[in-house]
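I have placed the structure first, in the form of structure tokens, so that the comments after it can refer back to it.
The values are calculated or read from the model by the stated rules, or taken from the named source; none is laboratory data. Predicted, not measured: the structure shown is a model, and the values here were computed from it. Please note: Cβ atoms are built from the backbone with ideal geometry, for glycine as well, and neighbour counts cover all protein chains shown.
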Amino acid sequence: MPPGSMNGSSCENVAGWVDSQERTCEAYEEDGSLCVTAVFDADAKNISAVLACCTCGGGWVDGFNSTDSNYTGVQEMVTDQDSVDELET
């Protein structure tokens, strides 16, 4: 199954997400083996590629987080952190 799709549904990576090693979801797409240890490289809000990236089973599928349809805050958490970072500079 190619990145960006899940059972015929479209999937979008969480926009703006970067892990603790400064890797984006695109890096995980290029090297899928990174997904195996993704939980160890979560960002400052403890969001890993497992939640943020389609390639690792996360991302947004038809408006829902693909790993848990009740989990709705990942994109907002990433966006909020970006806003905090901008205020601190």
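Considering every residue within the range 22-29, establish whether at least one is among the aromatic types (Phe, Trp, Tyr) and either modelled with pLDDT under 55 or outside any loop (DSSP other than H, G, I, E, B) (or both).
First, the residues of the range 22-29 that are among the aromatic types (Phe, Trp, Tyr): 28.
Still in the running and either modelled with pLDDT under 55 or outside any loop (DSSP other than H, G, I, E, B) (or both): 28.
Scanning the range 22-29, I find at least one residue that is among the aromatic types (Phe, Trp, Tyr) and either modelled with pLDDT under 55 or outside any loop (DSSP other than H, G, I, E, B) (or both), so the answer is yes.
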Where residues in the range 58-78 are of a type in the set (Val, Ile, Thr) and not in a loop (DSSP other than H, G, I, E, B), which of them is modelled with the lowest pLDDT?
-> 74
Could you pull out the residue among 55, 37 that is buried (at least 18 other Cβ atoms within 10 Å of the Cβ) and modelled with pLDDT of 90 or more?
-> 55
List, please: which pairs have Cβ atoms under 8 Å, are six or more places apart or on different chains, and start with a residue in the range 34-63 that is free of Cβ contacts under 8 Å to residues at least 40 places away in the same chain and end with one that is exposed (fewer than 13 other Cβ atoms within 10 Å of the Cβ) and polar (S, T, N, Q)?
-> 41/20; 41/21; 42/20; 43/20; 44/20
